[in-house]
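Report on the following structure.
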Amino acid sequence: MTQNAQNAQGGVALGSVRAMRRAVCPGSYDPATNGHLDIIERASKLFDEVVVAVGVNKSKKGLFTTEERMDMLREITAKLPNVRVDSWQGLLVDYCRENDIIAVAKGLRSVSDFDYELQMAQMNRELTGLETLLMANNPAYGFVSSSLVKEVTALGGDIEHLVPPIVFKRLSEKYSERG
């Protein structure tokens, strides 16, 4: 809680208490990319706290385990004091309700991202009133996706400039283990 709150006109009423504005940046993060980090950093400037939530889908086998992804994300976001890493399973709106999260922050790379994310945002709002902030990506990362990063790495391509250093290190280790 902060010591100041906005009044009805948008000004701050001294001495009052405002609830913490908390957002979630959900995703699989298998693995996290510089595009993900860009959205997380930007969201952290807009909200009091940002939860980077790794989705757990037991029917999908990722390259990295949920714990490995969370560990990398903790290292990547360590310099952001108002960011924490967690995981969730099930409906995102339920996770948000349980954790007093008021908004979802997502990045958009393309029109196809917009079509999908708009539909999800509308469903989340219909279910619980959860708001969604759709943020235009940094054009430098407009083509970057976790699946493309994995594919290029598996084929021997250089993706070092597209992912945080810890992710590059762990990807290199994973693919050298596979031969």
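Just so you know, all these numbers are worked out from the coordinates, no wet-lab data involved. Everything numeric here is computed off the predicted structure, so don't read it as measured data. Virtual Cβ from ideal backbone geometry, glycine too; neighbours counted across all protein chains shown.
A few remarks follow.
- Share of Cα-Cα pairs in region 94-179 lying beyond 21 Å, as whole percent: 49
- Over the chain, relative contact order from alpha-carbon pairs under 8 Å, at least 6 apart, %: 23
- Diffusion coefficient of region 5-142 by Stokes-Einstein, Kirkwood radius over Cα pairs, 25 °C, 0.890 mPa s: 154 µm²/s.
- Entry for region 78-126 at q = 0.15, 0.28, 0.31 Å⁻¹: log10 I(q)/I(0) = -0.53, -1.13, -1.18, Debye formula applied to identical alpha-carbon scatterers, no solvent contribution.
- Whole-number D in µm² s⁻¹ for region 15-76, Kirkwood Cα-pair radius fed into Stokes-Einstein, 20 °C, 1.002 mPa s: 167
- Ranking of 167, 144 by neighbouring Cβ atoms within 10 Å, starting from the fewest: 144, 167.
- Each residue, residue 161 and residue 114, gets one label point 7 Å from its Cα in the Cβ direction; the gap between the two is 2.8 nm.
- Among 29, 95, the order by Cβ neighbours within 10 angstrom, fewest to most, reads 95, 29.
- Listed from fewest to most Cβ neighbours within 10 Å, the set 102, 76 follows the order 102, 76.
- Candidate lysines - alpha carbon under 28 Å from residue 60, same-chain residues fewer than 8 apart omitted: 106, 150, 169, 174
- Span from the region 81-159 Cα centroid across to the region 22-47 one, whole angstrom: 8
- Shape descriptor for region 121-168: Rg over Rh equals 1.20 (Cα atoms; Rh from the Kirkwood inverse mean 1/r).
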